[in-house]
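> Sharing a structure here in structure tokens format.
The values are calculated or read from the model by the stated rules, or taken from the named source; none is laboratory data. Keep in mind the model is a prediction, meaning the values are calculated, not measured. As a convention, Cβ positions derive from the backbone with ideal geometry for all residues, glycine included, and neighbour counts pool all protein chains shown. Heads up: the accessible areas ignore ligands, DNA and RNA and are worked out on the full protein's heavy atoms, side chains in. Shrake-Rupley method; radii C 1.70, N 1.55, O 1.52, S 1.80 Å.
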Amino acid sequence: MASKKVLGLTAATAALVLGLTACGDGGGNETGGGDGASGDAFQFGILYPQTGSLAFLGPPQISGAEYAIQEINDAGGILGTEVPAPIEGDEAGDAAQANEAANSLVSDGVHAVIGAAASGMTQATYDTITGSQIVQCSGSNTAPDLTNIDDGGYYFRTAPSDLLSGPVMARQIVEDGHQSVAIVARADDYGGGYAGGLQTELENLGAEVVANETYDPDTTTFSSVVGSVNDSEADAIALISFEEGAQVIAELLETGTEGDQLYITDGLNSPELGTSVNESDPEIVTGITGVAPGADNEAFNDGLAEFAPDLETFQFGPQVFDCVTVIALAAEAAGSVVPADYVAELPNVSAPEGTECTTFAECRDLLADGEEINYQGASGNIDFDDNGDPTSATFQIFHFGEDGYETLGFEEYSVNE
């Protein structure tokens, strides 16, 4: 690995020797830092929102992780040993509780942590996890600020940075014929990063950003922001929010905004959005369009639906599936479940120079034959860069039409565009 990761591994290896008493063997079971070869069960931990405003993201994340583990076990497990069920922790949308859950996972001796789901919760927990030389991989973190965190080379994500998401939304807005845009965003890492990428691309495409408003995520009153947006007379409004955005939408629609003027992000990607906005008139959201990291992968979606038949939305499920699978392949490549041993293999097993493969079993067998591999994820190509970010991604264009929630299509976007 280049620069950051190489330096991080050097420091991490030294810290591992000094820190065995404090954090086990860097997530290596109770082997006292043994060789981590076949016979040691790989224990995943998963940090996801079981409660809080983002709890709707929880079911597809835990289902994605468990589905990946089933596929791995059907193929014989990691290094020939069955993978147990993941140990769960609730991030709860609260930094203190999320870090308490992270500390519990570290104490339980996990070999990798999947999550957190929210970028802010990862900001609150990565030092606890990666500082213990445990790999952390999120399938839903999108904040650009996470690219350069001091993670010692142990943090990865399969979800794209908002620096990729923003341009996709900008293109959709302009393709729909809008040239005057107001941006409304949460005043946090998620909102700020997304809004920055969106505004830059809108202006590159010749559109004018006539308002760029932020709000306190904990506020319950949005009249000032809505008033400013209405005063701007924009012909399109981009809303970058989580659950609280339903109230912003309600106020905008009540004051004259039409549904086809509104564009939303993954934080509001729910078939039940209409009910959240107006329980007595859920069709009020008709016309609204959104952009979210997705997966143009019908076979995977069918498999996940069969695995978890009660699952209503798959958002970030493919990306979480990829976190689990790519970590398992890295452990296979290293011949060890110890994070300090396998972390350097994470970018290698998804590198474009390798032989393309799409399942754990197929990729594992290629590794056993001495081949380099390029894991093609359920969510699309990954190709981690030196900071653990994916360099390309697939986005879902979702819409609330006359027949309700629908997918209009998918768009590929790469950092090289």
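> Cβ-Cβ distance below 6 Å, separation of 6 or more or different chains: which pairs start in the stretch 221-243 with a residue that is under 22 Å from D266 (Cβ atoms) and end on one that is surrounded by 22 or more Cβ atoms within 10 Å (Cβ to Cβ) and basic (K, R)?
Going by the 6 Å Cβ cut-off, the qualifying pairs are S241/R186.
> Right, another one. Within the stretch 229-246, does at least one residue satisfy the condition of being in a loop (DSSP other than H, G, I, E, B), open to solvent by 50 Å² or more (accessible area, probe 1.4 Å) and touching a His at 6+ places or on another chain (Cβ under 9 Å)?
yes
> For a quick check of your reading: which helices (runs of 4 or more DSSP H) sit entirely within the stretch 1-80 and have at least 1 residues that are within 16 Å of Y342 (Cα to Cα), modelled with pLDDT under 95 and open to solvent by 20 Å² or more (accessible area, probe 1.4 Å)?
Hits in the stretch 1-80: 3-18.
> I'm trying to understand the selection: among the residues of the stretch 386-404, which are assigned to a strand (DSSP E or B) and at negative phi?
Correct list: P390, S392, A393, T394, F395, Q396, I397, F398, H399, F400, G401.
> What number of residues within the stretch 211-228 satisfy the criterion of being more than 20 Å from I288 (Cα to Cα) and part of a strand (DSSP E or B)?
Result for the stretch 211-228: 2.
> Another question, if that's okay. Go through the stretch 362-387 and count every residue that is open to solvent by 50 Å² or more (accessible area, probe 1.4 Å), under 23 Å from S336 (Cβ atoms) and in contact with a strand residue (DSSP E or B) (Cβ under 8 Å, 6 or more places away or on another chain).
Selection size over the stretch 362-387: 2.
> Further question: Taking E345 and the conditions (1) farther than 21 Å from A116 by Cα; (2) in contact (Cβ under 8 Å) with a residue 40 or more places away in the chain; (3) charged (D, E, K, R), which numbered condition does it fall short on, given that it satisfies the others?
The one condition E345 does not meet is (2).
> If only one of T359, T313, T325, T391 is open to solvent by 40 Å² or more (accessible area, probe 1.4 Å) and of a type in the set (V, I, T), which one is it?
Unique residue meeting the criteria: T359.
> In addition: Return the total of residues in the stretch 231-262 being touching a Gly at 6+ places or on another chain (Cβ under 7 Å) and farther than 22 Å from S280 by Cα.
The number of residues fulfilling the criteria is 3.
> Can you pull out the residues in the stretch 272-299 that are touching a residue at least 24 places away in the same chain (Cβ under 8 Å), of a type in the set (A, V, I, L, M, F, W, C) and surrounded by fewer than 21 Cβ atoms within 10 Å (Cβ to Cβ)?
Within the stretch 272-299, just I284 meets the criteria.
> Can you go through A331, A340 and tell me which one is over 22 Å from N381 (Cα atoms) and surrounded by 18 or more Cβ atoms within 10 Å (Cβ to Cβ)?
It is A340.
> Here is a list of conditions, (1) modelled with pLDDT of 95 or more; (2) under 15 Å from G64 (Cβ atoms), and A331 meets all of them except one; can you say which number that is?
(2)
> Within the stretch 247-268, how many residues are within 15 Å of R186 (Cβ to Cβ), in a loop (DSSP other than H, G, I, E, B) and out of contact with any helix residue (DSSP H, G or I) (no Cβ under 7 Å at 6 or more places or on another chain)?
0
> Filter the stretch 352-385 down to the residues that are among the aliphatic types (A, V, I, L, M) and part of a loop (DSSP other than H, G, I, E, B), then identify the one that is farthest from A299 (Cα to Cα).
Going through the qualifying residues, I end up with I382.
> Can you tell me how many residues within the stretch 247-264 are crowded, with 18+ Cβ neighbours inside 10 Å and either charged (D, E, K, R) or at pLDDT below 95 (or both)?
Here the count works out to 1.
> Shifting gears a bit: Quickly run through the stretch 300-310 and pick out the residues that are open to solvent by 70 Å² or more (accessible area, probe 1.4 Å) and either under 21 Å from S53 (Cα atoms) or in contact with a helix residue (DSSP H, G or I) (Cβ under 6 Å, 6 or more places away or on another chain) (or both).
Matches in the stretch 300-310: D310 only.
> Follow-up question, since we're still on this one. Taking the condition surrounded by fewer than 21 Cβ atoms within 10 Å (Cβ to Cβ), outside any helix (DSSP H, G or I) and hydrophobic (A, V, I, L, M, F, W, C), does A85 pass?
Yes.
> Further, regarding this structure: Name the helices (runs of 4 or more DSSP H) wholly within the stretch 288-346 that hold at least 2 residues that are aromatic (F, W, Y)?
Result: 298-307.
> Just one of (1) more than 29 Å from the chain's Cα centre (by Cα); (2) crowded, with 19+ Cβ neighbours inside 10 Å trips up V225, so point out which.
(1)
Condition check ((1) in contact with a His (Cβ under 9 Å, 6 or more places away or on another chain); (2) touching a residue at least 60 places away in the same chain (Cβ under 8 Å); (3) closer than 22 Å to G64 by Cβ) across all residues:
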{"site": "D341", "(1), (2), (3)": "no, yes, no"}
{"site": "D365", "(1), (2), (3)": "no, no, no"}
{"site": "D369", "(1), (2), (3)": "no, no, no"}
{"site": "G377", "(1), (2), (3)": "no, yes, yes"}
{"site": "N381", "(1), (2), (3)": "no, no, yes"}
{"site": "Q396", "(1), (2), (3)": "no, yes, yes"}
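> Evaluate the following for T407: is it assigned to a strand (DSSP E or B) and surrounded by fewer than 24 Cβ atoms within 10 Å (Cβ to Cβ)?
yes
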